[in-house]
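All remarks here apply to the structure that follows.
The values are calculated or read from the model by the stated rules, or taken from the named source; none is laboratory data. These numbers come from a predicted model, not from an experiment. Here the Cβ positions follow ideal geometry from the backbone for every residue, glycine too, while neighbour counts run over all protein chains shown. Remember, those area values only see protein heavy atoms, side chains included, never the ligands or the DNA or RNA. Shrake-Rupley method; radii C 1.70, N 1.55, O 1.52, S 1.80 Å.
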Amino acid sequence: DLSTGIVYRRRIATCQNVIPEILRKVSILKVPDIYLEEESWLNMQKRNMAMKTHCLTWTQYASLSEESVFRESLENPNWTDFTQKGRISVTGAGLLNCVLEAFAQSFLKQGVRK
């Protein structure tokens, strides 16, 4: 946007399915790839970027979303403050709801630590 200087991007990411093979015995989980939609807003004037991501795969069974904000640190302009929020909800998978939510939560926490 030339009037605000904000760069907007919307893209689809293809991620390898990381669900353990034992859980992929269930036919709905037996997919090679998972698709995510990511939107981002980069504001170079304010030196910040916001991102929103949600899952496009298994939408009838689960919702997974994440919001991140990167901004210049108030302590040091050469540092970046990073804030992230995420939500996971699995429905319609019967007894696997809790197992899948626990796996997704554990997997995402590992990613945050990295």
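Evaluated over the chain, the count of Lys pairs having alpha-carbon atoms less than 25 Å apart is 8 (only pairs 8 or more residues apart or interchain). Legend: residues W58, W79, sorted from most to least accessible area (1.4 Å probe; ligands, DNA and RNA excluded), read W79, W58. Rounded to the nearest 10 degrees, the angle from helix 96-113 to the longest Cα principal axis of the chain is 30 degrees. Given a 10 angstrom Cα cut-off, can you work out which residue in Q84, Q45, Q60 is the most mobile in a GNM of the chain? Most flexible of the set in this elastic network: Q45. For I12, the solvent-accessible surface with a 1.4 Å probe is about 100 Å², rounded to the nearest 10. For the pair R9 and E67, label points projected 7 Å from Cα toward Cβ lie 2.1 nm apart. Between Q16 and D81, what FRET efficiency comes out of the Förster formula 1/(1 + (r/R0)^6) with R0 = 30 Å and r the beta carbon distance, rounded to 0.05? So the FRET efficiency works out to roughly 0.50. Size descriptors for the chain: radius of gyration and Dmax over Cα atoms are 17.1, 52 Å.
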